[in-house]
């Protein structure tokens, strides 16, 4: 039987310690995000459940109930996390009444198994609990991922408790967490950060201070040399210097962003100024020199690493989907801590580009890595295989990204709004119902395809109240009207504030003009020097060979004027951009030809249709580019 209790609604992050507080009373009612969530429930989740069964993740748990267990299935000892991430997403679906009966049956089956196979001391891991396992529990902290497993278990348990009122998983997770508190009281740290975020959230859910203290200890121990570094050096694990002294985000991209997000949680709850200052410094450095224009993080396949400053190759961009989610988790916590709109700008860029591209249009195939360029003969692979398929895959040997997409898609409403005393903040624009302590709103918009947003007041307080609207960093000349009259206010630090005595039926309209933009890159970024990218609103665009029938995408040449004067059209409900482009003359057969003193500009003009980057790769394995060459004369850019 499911153990249920009535609790106030809460989202994935519940804290009152920051400058602003997350607002869980949001329901997405339409638009692109609603479409994504519907696809998640009807296609991605059923597909993921099927793949988890076929790959053996469920069987790995069930076999522990047998006297003579069958061999563990899978290459890695952390495959339980794929069940946990899926359960976290299912908790949202079930709690919102969006899930079909087979989804509930899967949830009940896995929760029941976890209750049965958990060891007497609270330990839970289907790999290390196997009597035939080659290693014992806690023997290999660098690669065993046992605390990483615990972290995802906790997050699933907290979601089930908050969204469903089901505390069964919470009891399982708390027993395991209690064991970790005892086992790691005097030292030790996991090779893969993640548990830090989860332990802080478990503290927020239960009030048990020991969980927060352990999370803080893990953050402080990182960089003290307590991990045994094998295969990769200490910087891969962010374990070569203490986090507060780290000069730049480094090493394995997912580990880095998970660690930073967990540290942000710790600093939120403890008020640790030195930690929050270090995180802000690391964030600013990352945004200035290590993020792709899509918001992707990680440039190296060999160790799934971030790479050096300005090391951002397009065709071999790693930009793992899990890293995109981790960056959004970090961004949201930094926003809660400071109220800074700059963190939401990056969150939005990642959401609509580096994250969204990880899932196919039909919701049943995934990118692990997300390049910004594809040549006709390039394979798509995660870096762990000797070969690769040309586009998205149904599943992976290391399937961390698909269930991560599932859980994040299910909880998108948690990141739409926030509140602080006397104010409601709108962080993201999507059709939604928003219910706060003081003010209820209905939001209507075609965002991200259109920048017009209408907010209609429902319940309102008697006293004046502030409605604070985010003005994205890309937006120029944002304007607001209240009941049809212009509101005389200028954006400040990314926010536009409307303060008045509200009444039911009041209407606020925000206009965010969305011209097409041409972006270049920093001169130190050699990989894209002399190239331009196309953007509109929060979306980065790309050109696929299917939409450039007259010329190979590698031969297209566009100038800034071509981009900003693009024709804005629609195809299947999606805004596409028709860009006038020139075709470069056939290149020299030499790999490194001698440059002429004068270089003629291409004359012939063709039309190339640019589509949102997140939609590329759904029509077959053709060439693709985000960055396209620009015309140049004597090394100077020209339009």
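Every read-out reported here was derived from the displayed coordinates using simple, explicitly stated rules and does not represent laboratory data. What you see is a predicted model, and the numbers here were worked out from it, not measured in a lab. Reconstructed Cβ throughout: ideal geometry from the backbone, glycine too, with neighbour counts over all protein chains shown.
What length, rounded to one decimal in nm, is gained on full extension from residue 135 through to residue 489, with 0.36 nm per residue of separation minus their alpha-carbon distance? Don't skip to the end; give the middle numbers.
Working: separation 354, 0.36 × 354 = 127.44 nm, distance 6.33 nm.
Between residue 135 and residue 489, full extension yields 121.1 nm more.
Ranked by the mean number of other Cβ atoms within 10 Å of their residues, highest first, the peptides 471-481, 548-558 fall in the order 548-558, 471-481. Remark: relative contact order (the chain) = 13 percent; criterion is Cα-Cα distance under 8 angstrom and separation of 6 or more residues. With a Förster radius of 22 Å applied to the C-beta separation of residue 450 and residue 38, the computed FRET efficiency comes to 0.65.
For the pair residue 119 and residue 522, the difference between a 0.36 nm per residue extended length and the Cα-Cα distance amounts to 139.7 nm. Site pair residue 311 and residue 570 shows an inter-label distance of 4.5 nm when each label is modelled 7 Å from Cα along Cα→Cβ. Figure legend: label point modelled 7 angstrom from the Cα of residue 362 along Cα→Cβ; residues of the stretch 30-54 with amide N under 16 Å from it are 39-40, 42-48, 50-51. Modelled label positions at residue 497 and residue 281, each set 7 Å beyond Cα in the direction of Cβ, lie 3.1 nm from each other.
Length, then width, then depth: along the principal axes, the Cα atoms of the stretch 341-497 run 65, 30, 24 Å.
As a calculated quantity, the FRET efficiency between residue 206 and residue 377 at R0 = 60 Å, using C-beta atoms, amounts to about 0.65.
Inter-label distance, residue 171 to residue 245: 4.6 nm, where each label sits 7 Å from its Cα along the C-beta direction. Kirkwood radius for the chain, taken over all pairs of different Cα atoms as the inverse mean of 1/r, rounds to 25.6 Å.
May I ask for the Kirkwood hydrodynamic radius of the stretch 417-511, worked out over all distinct Cα pairs and given in angstroms to one decimal?
This gives a value of 13.3 Å.
In the stretch 417-511, Cα pairs under 8 Å separated by at least six residues give a relative contact order of 28 percent.
On the principal axes of its alpha carbon atoms, the stretch 219-272 extends 35, 20, 17 Å, with the longest extent given first. In the chain, the DSSP beta bridges split such that about 95 percent are antiparallel, to the nearest 5.
For the listed peptides 137-148, 159-170, 267-278, a ranking on the average number of other beta carbons within 10 Å per residue, highest first, reads 159-170, 137-148, 267-278. Descending by average beta-carbon neighbour count within 10 Å, the peptides 44-52, 85-93, 449-457 line up as 85-93, 44-52, 449-457, the highest first. The ranking of 289, 314, 126 from fewest to most other beta carbons within 10 Å of each one's beta carbon is 289, 314, 126. Residue separation of residue 595 and residue 229 scaled by 0.36 nm, minus their Cα-Cα distance, works out to 127.1 nm of gained length. The base-10 log of I(q)/I(0) for the stretch 471-619, evaluated at q = 0.09, 0.14, 0.15 Å⁻¹, reads -0.44, -0.83, -0.91 [Debye formula, identical scatterers on Cα atoms, solvent excluded].
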